[in-house]
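Student: Please see the structure below; I have some questions.
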Amino acid sequence: MPRSPDRPGAGRWVPDGAERGDVDALAQAAHACRGCELWRDATQVVFSAGPPDADLALVGEQPGDREDREGEPFVGPAGRVLADALDAAGVDAEAVYLTNAVKHFRHVERPERGKRRLHKTPDVAHVRACLPWLEAELAAVRPRVVVALGSTAARAVLGAPTRIGEVRGQVLDVPEDGPLAAVPAVASVVVTTHPSSLLRLRDRSGWDDAFAALVADLGTAARAARGA
Ligand code: URA
Ligand code: SF4
């Protein structure tokens, strides 16, 4: 796919050779990124959170409304579900590196609804444009296991369209032709659902099963990250 002039990709904004653990240098540089047009309508770049040398990294889709305002990933409703699921899986949420496949909030304005900003799923072209950040940060963090939360993240991490239902909860090898092949230390990938998909189920019978499945997948990933 040809790159459009307003979507040159993040590569030229990513500093070369970040040291192990030096996520700060990347996060600072990302403020200037114009790798695609999504920076224009967003409040700020939302980079990542968590220890820069974590063994387990979780990759979401893109910041939501709250994340866009606060500049931190997973601080809104989906983040609440994720924190509860990590807790239920016995995983210390503070010990996990959290990031997103796309680092600016894509949305549509709905002025008739009091300026509400509605989430819009990023296109494959946005995922591709933003991928240099994900590659660089994972090369700096060097987690053993990367969890892709939902299909946008799975697309970014595995480099191909992925059916979540077919592979969820499996400890997958890093695909040789995928974007993580050149990232040292990442041993495996676990794909699961995005916690925001549970929000639509709240108070319905599907919630318990969906939550239990998310908890099980996060537990599998945490065990793999401990080498167990
Ligand atoms: N959903 C995501 O995928 N990432 C966030 O940071 C928040 C909500
Ligand atoms: Fe750069 Fe990613 Fe933001 Fe696009 S979404 S401007 S590639 S940081």
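The values are calculated or read from the model by the stated rules, or taken from the named source; none is laboratory data. Note that the coordinates shown come from a computational prediction; the quantities given were computed from them, not determined experimentally. In this analysis, Cβ positions are derived from the backbone assuming ideal geometry, glycine residues included, and neighbour counts consider all displayed protein chains. All accessible areas refer to the heavy atoms of the entire protein, side chains included, with ligands and DNA or RNA removed. Shrake-Rupley method; radii C 1.70, N 1.55, O 1.52, S 1.80 Å.
Student: From the set of residues in segment 69-94 that are near ligand 1 (Cβ under 9 Å from one of its atoms) and touching a strand residue (DSSP E or B) at 6+ places or on another chain (Cβ under 9 Å), which is farthest from T220 (Cα to Cα)? Lay out the reasoning, then the answer.
Tutor: Residues of segment 69-94 that are near ligand 1 (Cβ under 9 Å from one of its atoms), as a first pass: 72-79, 82.
Next cut, touching a strand residue (DSSP E or B) at 6+ places or on another chain (Cβ under 9 Å) only: 72-75, 78-79, 82.
Values: E72: 26, P73: 23, F74: 21, V75: 24, A78: 20, G79: 20, L82: 15 Å.
Ranking the candidates gives E72 first.
Student: Then there's this: Find the residue count for segment 31-63, including only residues that are within 11 Å of ligand 2 (Cβ to nearest atom) and within 15 Å of the chain's Cα centre (by Cα).
Tutor: 5
Student: Oh, and also: Tell me which residues, restricted to segment 172-183, are crowded, with 16+ Cβ neighbours inside 10 Å and either in contact (Cβ under 8 Å) with a residue 40 or more places away in the chain or of a type in the set (V, I, T) (or both).
Tutor: Those that are crowded, with 16+ Cβ neighbours inside 10 Å and either in contact (Cβ under 8 Å) with a residue 40 or more places away in the chain or of a type in the set (V, I, T) (or both): V174, P179, L180, V183.
Student: Could you check how many residues of segment 67-101 are outside any helix (DSSP H, G or I) and either touching a Ser or Thr at 6+ places or on another chain (Cβ under 7 Å) or modelled with pLDDT under 95 (or both)?
Tutor: The total comes to 5.
Student: Right, next: Within the set of pairs 6 or more residues apart or between chains, which connect a residue that is farther than 13 Å from V124 by Cβ inside segment 141-168 to a residue that is assigned to a helix (DSSP H, G or I) and open to solvent by 30 Å² or more (accessible area, probe 1.4 Å) with Cβ atoms less than 6 Å apart?
Tutor: Short answer, once both residue conditions are applied: I164/S151.
Okay, residues lined up against (1) away from ligand 2 (no atom under 16 Å from the Cβ); (2) farther than 22 Å from C33 by Cβ; (3) of a type outside the set (F, W, Y):
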position: K115; (1), (2), (3): yes, yes, yes
position: H119; (1), (2), (3): no, no, yes
position: V127; (1), (2), (3): no, no, yes
position: P132; (1), (2), (3): no, no, yes
position: E135; (1), (2), (3): no, no, yes
position: L138; (1), (2), (3): no, no, yes
position: V141; (1), (2), (3): yes, no, yes
position: S151; (1), (2), (3): yes, yes, yes
position: A154; (1), (2), (3): yes, yes, yes
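Student: Still on this structure, I have one more. Hand me the list of helices (runs of 4 or more DSSP H) wholly inside segment 124-209 holding 2 or more residues that are among the polar types (S, T, N, Q).
Tutor: Result: 150-158, 196-199.
Student: Can you tell me how many residues within segment 95-115 are within 16 Å of ligand 1 (Cβ to nearest atom) and either more than 15 Å from the chain's Cα centre (by Cα) or not hydroxyl-bearing (S, T, Y) (or both)?
Tutor: Summing the residues that are within 16 Å of ligand 1 (Cβ to nearest atom) and either more than 15 Å from the chain's Cα centre (by Cα) or not hydroxyl-bearing (S, T, Y) (or both) in segment 95-115 gives 10.
Student: Report yes if some residue within segment 4-27 is in contact with a His (Cβ under 7 Å, 6 or more places away or on another chain) and within 11 Å of ligand 2 (Cβ to nearest atom); otherwise report no.
Tutor: No: zero hits.
Student: Within segment 199-206, does at least one residue satisfy the condition of being under 18 Å from the mean Cα position of the chain (by Cα) and surrounded by 18 or more Cβ atoms within 10 Å (Cβ to Cβ)?
Tutor: no
Student: If you don't mind, there's one more thing I want to ask. Restricting the search to segment 5-50, which residues are over 22 Å from A139 (Cα atoms) and either free of Cβ contacts under 8 Å to residues at least 24 places away in the same chain or open to solvent by 70 Å² or more (accessible area, probe 1.4 Å) (or both)?
Tutor: Once the filter is applied, which keeps residues that are over 22 Å from A139 (Cα atoms) and either free of Cβ contacts under 8 Å to residues at least 24 places away in the same chain or open to solvent by 70 Å² or more (accessible area, probe 1.4 Å) (or both), segment 5-50 yields P5, W39, R40, D41, T43.
Student: State all residues of segment 128-147 that are open to solvent by less than 10 Å² (accessible area, probe 1.4 Å) and either touching a His at 6+ places or on another chain (Cβ under 6 Å) or of a type outside the set (G, A, S) (or both); if no residue qualifies, say none.
Tutor: Taking segment 128-147 as the starting set, the residues that turn out to be open to solvent by less than 10 Å² (accessible area, probe 1.4 Å) are 129, 133-134, 137-138, 140-141, 143, 145-147.
Residues satisfying the conditions are W133, L134, E137, L138, V141, P143, V145, V146, V147.
Student: A further question follows. Among the residues that make up segment 39-52, is at least one of them closer than 23 Å to S151 by Cα, part of a loop (DSSP other than H, G, I, E, B) and among the charged types (D, E, K, R)?
Tutor: Checked segment 39-52: no residue is closer than 23 Å to S151 by Cα, part of a loop (DSSP other than H, G, I, E, B) and among the charged types (D, E, K, R).
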